[in-house]
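Contents: one structure, followed by commentary.
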Amino acid sequence: MTKKLRVAHFPQVPCKPFHVEVKSLEEAKLISDTLANYDLFQYDNNIKGDYANATVIEEYCKEEGEWISWSDDETGIDDIDDYFEHLEEVKREKEDAR
């Protein structure tokens, strides 16, 4: 089953989030990383002063009729970076087992 996903970016906590619907976790990671790098660029170049931001991945829950925090059903991992690190680790383990 394909989950309906979106990225929720809070450029300055607390604030309303900026949402981007995505088609896959790979797209979610790309958008999340892009937003993080953009905020860091602004900070490093004195465009934006000190700030506190947050970016989370959300999935639509049909049962509850609302967006909830995403987590992987198989592993329980709820952080997109940790999830992709886990996939890389599994891939390395499979390659080492050959």
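I'd like the full set of residues that are closer than 19 Å to ILE80 by Cα and either in contact (Cβ under 8 Å) with a residue 40 or more places away in the chain or out of contact with any Pro (no Cβ under 9 Å at 6 or more places or on another chain) (or both), limited to the stretch 33-51. Those that are closer than 19 Å to ILE80 by Cα and either in contact (Cβ under 8 Å) with a residue 40 or more places away in the chain or out of contact with any Pro (no Cβ under 9 Å at 6 or more places or on another chain) (or both): ASP33, THR34, ALA36, ASN37, TYR38, LEU40. Evaluated against (1) within 28 Å of GLU64 (Cα to Cα); (2) among the β-branched types (Val, Ile, Thr); (3) touching a helix residue (DSSP H, G or I) at 6+ places or on another chain (Cβ under 9 Å), ILE47 falls short on exactly one condition, (1). The single condition among (1) surrounded by fewer than 16 Cβ atoms within 10 Å (Cβ to Cβ); (2) at pLDDT 95 or above that HIS9 does not satisfy is (1). Scanning the stretch 51-72 for residues that are assigned to a loop (DSSP other than H, G, I, E, B), under 20 Å from GLU21 (Cβ atoms) and within 17 Å of the chain's Cα centre (by Cα) returns ASN53, TRP70, SER71, ASP72. Pairs linking a residue in the stretch 77-96 that is acidic (Asp, Glu) to a residue that is not in a helix (DSSP H, G or I), with Cβ atoms under 7 Å and 6 or more positions apart or on different chains, are ASP78/SER69; ASP78/TRP70; ASP78/SER71. Does the stretch 40-47 include one or more residues that are part of a loop (DSSP other than H, G, I, E, B) and at positive phi? Yes; the residues of the stretch 40-47 include at least one that is part of a loop (DSSP other than H, G, I, E, B) and at positive phi. When we screen LEU25, LEU30, LEU5 for residues that are in contact with a helix residue (DSSP H, G or I) (Cβ under 6 Å, 6 or more places away or on another chain), within 20 Å of LEU87 (Cβ to Cβ) and of a type outside the set (S, T, N, Q), the only hit is LEU5.
The values are calculated or read from the model by the stated rules, or taken from the named source; none is laboratory data. Model, not experiment: these values are computed from the prediction. Note: ideal-geometry Cβ built from the backbone for every residue, glycine included; neighbour counts use all protein chains shown.
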